[in-house]
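These notes concern the structure reproduced below.
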Amino acid sequence: MVYPHADFDLSDLVSVWGKWAGGIFHFPGLSAETLLYRSFYSSEGMFGSIAAISWSFVFMFILFGAFLVRSGVGDYIMDVSRAAAGKVVGGPGFIAVLASGLMGSVSGSSVANTVSTGVITIPMMKKAGFPARFAAGVEAAASTGGQLMPPVMGAGAFIMASYTQIPYVDIVAVSFIPALIYFLSVAFFVRIEAKRMGVQIVTTSQEPFMKVLLSGWHNLIPLAVLVTLLVVGFTPTYAAGLSILSVIVASWFSKNHKMGPKAIIEALEQGAKNMATTAVLLVGIGLVINVISTTGIGNTFSLMINNWANGDLLTMLVLITLASLVLGMGLPVTAAYIVLGTLSAPALYKLLAESQLVDLMVSGQLPEQAKAIFMLAAPDQLSLLNAPMAAEKAHELISLVPADFVETLLQQSLGLEAIGLALLSAHLIIFWLSQDSNVTPPVCLTAFAAATIAKTPPMRTGFTAWKIAKGLYLVPVLIAYTQLISWDATTVVTIGIFAIFGTYAMIGAIEGYLEGRLNLLWRLLLAVIGVLLVWPNLPIWIRLVCVALFIAIFIYSGKTAARVERAHSAVRGAKSA
């Protein structure tokens, strides 16, 4: 028997909520035929732009990672990390940060990276004297940062390049300093914990660093080939393909990992297995993107968070962070970025660009082309544009411009380069915030994987990893409020250096420890120093004074700790006598 309303199920699964919702969420519905057609044949469906990225860029780089791992680069990374960090206080912790960051960039999966490197680094840290929960947290935080570290950056960087139409090599270039800030923040936690717990130097490598580095020089060839080809202008797919060939050739210089036909087949097999999961994920996400596009919920969501934020950038960042955490509970990081980027990137980009426009209007430097657009929208306000104005008045004037002309106004005022940077900044912020579900309870699979290795309570380990990975929140704020994402290398490096000192100061304030224990007064002073060092648009002399104060507190805490240790040693000696 055929029921006349049997077509209810498929179309109404997508649209019935919209028929009954009021306000901005109202949606009239779709027929099953339209929904299926758009799901299969539109550029935003299952086999649309996201799937194209999957089988071109992403596949080649996952295959490249599989060949690197099979060629023994993982062992080389561990050896170099041991030689570089094994002879300093807290060395095993620094080894975890180095090895997990480098391996994570190759593997593209924080959970897989935690499992592969954590079985070595976590027991090593525990043996050195680090608490088990802290060791697991460091491994989880460092592995999470692997997808933020150039030159590969997982699948998200290729999707970002597709969304923004900004070359992949440019995205990689501007991502290096932010990634460095993040990994140094994790290293600062390791240093402080090592000092607090009295972790001694544990020599994990007898070989000099340069000898270890040069002994595996051939492992650096594929990465050098990849970076060189990208810089000179080859497409990512072509660059990855030639880099795979260079992996095979470079392996012939190795004593233990020469790649013959069998090893090549094994690498191809592993690459295909790794790609299968990613491909299914990205094709499935195409369905979600299709529904978002078809129903218009993307524009609705952007309008909603824009209204809730009411033009306040910090409020919008908090809203996006909460949304990314919720999405991350049910979606992998890449999928969460795609969905969140589709939903919220337009609103965040608009707010970032408009904040730059407001700065121009406040300083009275609005270009004449932009004044012409304002003249059409608000001719009675034209006299105000020839002089500096209050920020509130600037926002009011921008609100008078019709929505269809806002993008033109931004382009005429800021220029295409600044517009591109604002768009890239919006996507980088979302990409960074999408990583937080790896280490943020209640669902933090990377931290749970590390907890399994360390044999610690999963939820408590998750909170420890969340604390250590605070850079995931600091860096997006820096991107939003400073010129950390810029083509001006001098500006980026300057901001990055001050941000590194500021990060260390804030971590010291949180932990109450630098080289020694800090009282409440020193912690408050460190907190102020940390905030000032990352605060936007402060005179450089204030930042330099803050750096000098931080160094002074750092040295003072070390000398105080040394005096306390000498006093304790004297007491112990007297008792033993």
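The values are calculated or read from the model by the stated rules, or taken from the named source; none is laboratory data. Since the structure is predicted, the reported quantities are computational estimates derived from the model, not experimental observations. Neighbour counts run over all protein chains shown; Cβ positions are idealised from the backbone, glycine included.
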Out of curiosity, is Glu207 among the acidic types (Asp, Glu), under 25 Å from Tyr76 (Cα atoms) and touching a residue at least 40 places away in the same chain (Cβ under 8 Å)?
yes
Which of the residues belonging to segment 138-170 are in a helix (DSSP H, G or I) and farther than 24 Å from Ile419 by Cα?
Val138, Glu139, Ala140, Ala141, Ala142, Ser143, Thr144, Gly145, Gly146, Gln147
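Can you tell me which of Ala263, Ala240, Ala276 is under 30 Å from Glu33 (Cα atoms) and at pLDDT 75 or above?
Answer to the selection: Ala276.
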In segment 461-501, which residue that is among the small types (Gly, Ala, Ser) and part of a helix (DSSP H, G or I) is surrounded by the most Cβ atoms within 10 Å (Cβ to Cβ)?
Ala465
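Could you say whether any residue in segment 479-492 is charged (D, E, K, R) and in contact with a Leu (Cβ under 8 Å, 6 or more places away or on another chain)?
no
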For segment 322-343, enumerate the residues that are in contact (Cβ under 8 Å) with a residue 60 or more places away in the chain, touching a Phe, Trp or Tyr at 6+ places or on another chain (Cβ under 7 Å) and farther than 19 Å from Val111 by Cα.
Gly341
Residue check for Pro178: at pLDDT 90 or above, more than 26 Å from Arg523 (Cβ to Cβ), out of contact with any Pro (no Cβ under 8 Å at 6 or more places or on another chain) and not β-branched (Val, Ile, Thr):
yes
Residues of segment 81-93 that turn out to be crowded, with 24+ Cβ neighbours inside 10 Å and in a helix (DSSP H, G or I), as a count
5
Would you be able to tell me the number of residues in segment 116-132 that are surrounded by fewer than 18 Cβ atoms within 10 Å (Cβ to Cβ) and closer than 28 Å to Leu331 by Cβ?
1
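Kindly provide the set of residues from segment 234-252 that are touching a residue at least 40 places away in the same chain (Cβ under 8 Å) and small (Gly, Ala, Ser), ordered by number. Write out each step before concluding.
Pass one, segment 234-252, residues touching a residue at least 40 places away in the same chain (Cβ under 8 Å): 236-237, 240-241, 243-244, 247-248, 250-251.
Passing the criteria: Ala240, Gly241, Ser243, Ala250, Ser251.
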Near pairs, Cβ below 9 angstrom, 6+ apart or cross-chain, from segment 132-151 (closer than 30 Å to Val231 by Cβ) to any residue that is of a type in the set (Asp, Glu) and modelled with pLDDT under 90:
Thr144/Asp436
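Among the residues of segment 61-75, is there at least one that is polar (S, T, N, Q), at pLDDT below 75 and more than 30 Å from Glu515 (Cβ to Cβ)?
No, segment 61-75 has no match at all.
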What is the one condition in (1) under 30 Å from Ala480 (Cα atoms); (2) free of Cβ contacts under 8 Å to residues at least 60 places away in the same chain; (3) in a loop (DSSP other than H, G, I, E, B) that Lys255 does not satisfy?
(1)
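With the condition kept exactly as written, say whether any residue in segment 305-321 is more than 22 Å from Tyr481 (Cα to Cα), out of contact with any helix residue (DSSP H, G or I) (no Cβ under 8 Å at 6 or more places or on another chain) and without any contact (Cβ under 8 Å) to a residue 60 or more places away in the chain.
No; the residues of segment 305-321 include none that is more than 22 Å from Tyr481 (Cα to Cα), out of contact with any helix residue (DSSP H, G or I) (no Cβ under 8 Å at 6 or more places or on another chain) and without any contact (Cβ under 8 Å) to a residue 60 or more places away in the chain.
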Filtering segment 129-153 down to residues that are of a type in the set (Gly, Ala, Ser) and either within 12 Å of Ala447 (Cβ to Cβ) or in contact with a Ser or Thr (Cβ under 9 Å, 6 or more places away or on another chain) (or both) yields Ala132, Ala135, Ala136, Gly137, Ala140, Ala141, Ala142, Ser143, Gly145, Gly146
Can you tell me which residue within segment 393-430, out of those that are over 28 Å from Thr334 (Cβ atoms) and of a type in the set (Ser, Thr, Tyr), is farthest from the chain's Cα centre (by Cα)?
Ser399
Starting from residues that are assigned to a loop (DSSP other than H, G, I, E, B) and of a type outside the set (S, T, N, Q), keep the ones in segment 204-235 and report whichever is surrounded by the most Cβ atoms within 10 Å (Cβ to Cβ).
Gly216
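From the list Ser185, Ser175, which one is surrounded by fewer than 24 Cβ atoms within 10 Å (Cβ to Cβ) and among the hydroxyl-bearing types (Ser, Thr, Tyr)?
On the way: Ser185 fails: surrounded by fewer than 24 Cβ atoms within 10 Å (Cβ to Cβ).
Criteria check complete, one pass: Ser175.
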What number of residues in segment 107-134 are modelled with pLDDT of 80 or more and not in a helix (DSSP H, G or I)?
3
Here is a list: Ser425, Ser399, Ser363. Which entry is assigned by TED's automatic domain parsing to the domain that holds Thr334, closer than 19 Å to Asp312 by Cβ and among the polar types (S, T, N, Q)?
Ser399
Report yes if Val89 is under 23 Å from Asn219 (Cα atoms) and of a type outside the set (Phe, Trp, Tyr), otherwise no.
no
Per the filter on segment 134-150, residues crowded, with 22+ Cβ neighbours inside 10 Å and either among the charged types (D, E, K, R) or within 24 Å of Phe176 (Cβ to Cβ) (or both) are Val138, Glu139, Ala140, Ala141, Ala142, Ser143, Thr144, Gly145, Gly146, Gln147, Leu148, Met149
